[in-house]
1. Quick one: if the Förster radius is 25 Å, what FRET efficiency do Ser109 and Val78 give, using the C-beta to C-beta distance and rounding to 0.05?
2. Sequence-distant or interchain residues sharing an amide H contact under 5 Å with Ala227, placed H: which?
3. What's the ranking of 118-126, 23-31 by average number of surrounding C-beta atoms within 10 Å, highest first?
4. I need the fraction of alpha carbon pairs in the stretch 178-259 separated by more than 22 Å, rounded to a whole percent.
5. Can you pull the one-decimal nm distance between simple spin-label points at Leu183 and Ala243, each 7 Å off the Cα toward Cβ?
Amino acid sequence: MTPNIHNATSYLSVYFKEFIGYSPKLITAFVILFIGLYAIRIINRLIRKIMIKRDLDPTLTKFLADILLWALRILLFVTFISKLGIETSSFVAILGAMGLAVGLSLQGSLSNFAGGMLIILFKPFKVGHTIEAQGVIATVCEIQIFVTQLITANNQTIFIPNGILSNGIITNYSLLQQRRADLTFSISYDSDIKKAKNIILTLLKNNPKVLENPEPEVFVKNLTDSAIELAVRPWAKTEDYGAVFTETLESCKIAFDTAGINIQPFVKEMSQSNSPS
């Protein structure tokens, strides 16, 4: 029993000496860790404030700040383990191998990441813009790194991956300040064309949402077998486009009814085989 106690005491003495000799590295490493985390937080806040003062895009500001944050954290972690005496070369090699494996397994996500970068840098649209993309017309709610969040007119949330969004056709309805409404009215051949045109122009000029410059246009678009097609082209501010479109339809219908101008309904042609005998 005595030799065992002696051996245990010897081991404890050796371990204690090793711990005392290693403690300066341990203390230094943890001091660097805590100071580094505090410094990273201050640097991140400072960088965010600088980018906000320079009016950078909010999405780009958040993205760059997050990239900087994680880069500094990785650098701090490597410094921390090196101070502990751990060989960092093998650790970096392991991280590289893990990064390659993760990159191969997340090719789609990397494509979306690259698409998000293109959207943020080239800005085909911004938050608040109404766009049409991938068969969807909606308002941009948030541009994230991998997906773009949209809100439809009936309050549905849609997430489109940035990879296909950046490579597809995007129609931005909010980029310009003015927008033209393209309407077509079909009236019968018995109707007075000039009278119909004057009625439409009067209604457009009396609508405060219709812009005076460019001037609204009304002209004969086509002469079909069953009707005269009048093209109506009022201009409006982008935010008033929907109201101008619907108000023009309603007011013209009411005015035509009052003036006795018949709106010609669409006539579907019947084939010879389906015609009555």
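1. 0.50
2. none
3. Listed from highest to lowest mean packing, they are 118-126, 23-31.
4. More than 22 Å apart: 20 percent of the Cα pairs in the stretch 178-259.
5. 1.5 nm
Rule-based calculations on the coordinates, nothing more; no lab input. The model shown is predicted, which means the values in this text are computed figures rather than measured ones. No Cβ is skipped: glycine too gets one built from the backbone with ideal geometry, and neighbour counts run over all protein chains shown.
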